[in-house]
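First comes the structure, then the notes that go with it.
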Amino acid sequence: MATLWATSVSGIAHNGRVTDSAGSAPTLVYDGDCGFCTTCVAFVHRRLPTKAHVVAWQHADLDGLGVSQQQAQRKVQWVDGDRVCGGHEAAGRLLLDAGGWWAIPGRLAVTPPFSWAAALLYKVVADNRHRLPGGTPACALPPDQRPGAGGIKASGS
């Protein structure tokens, strides 16, 4: 399966790493080692009319985006200017950015009490992503134990 690691509409790529630039489109940071996450990103590319940059955290300038490696390993991240959010809120912000009918579930995902259910759903999906379409057994492993980890330290290591 081809890995989708960086898509940039108006971002700047430095040495193969995508960074945010002032006033540019938001950035969605995902786990490029996760088959399920990569499948979801392929869906985003095909179906969502978003202006966001979509980049695997392994190929992103995390410092430039204001995201820690630990944050990126734990949840998908949405970076819009100085605002960083993760998990269900990041997914909701992506849907809001896509607009149209996508904005309805996006608004629900970031608005209590619906956001509480969205947070629970995100956790269930994240905990079981290796069992979902596109998921692989590697998705169940901590980041430092995945094939090709190359010395990446898992959170809490």
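What follows is calculated from the coordinates using simple rules that are stated; it is not laboratory data. Since the model is a prediction, treat every value here as computed from it, not as a measurement. Backbone-built Cβ (ideal geometry, glycine too); neighbour counts: all protein chains shown.
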Simple spin-label estimate for Arg131/Ala117, 7 Å along Cα→Cβ, in nm, reads 2.1 nm
So who's got an amide H within less than 5 Å of the one on Thr136, skipping anything under 5 residues away but keeping other chains? H placed 1.01 Å off N, in plane.
Gly35, Phe36
q = 0.11, 0.12, 0.17 Å⁻¹, the stretch 6-141: log10 I(q)/I(0) [Debye, one scatterer per Cα]:
-0.36, -0.43, -0.90
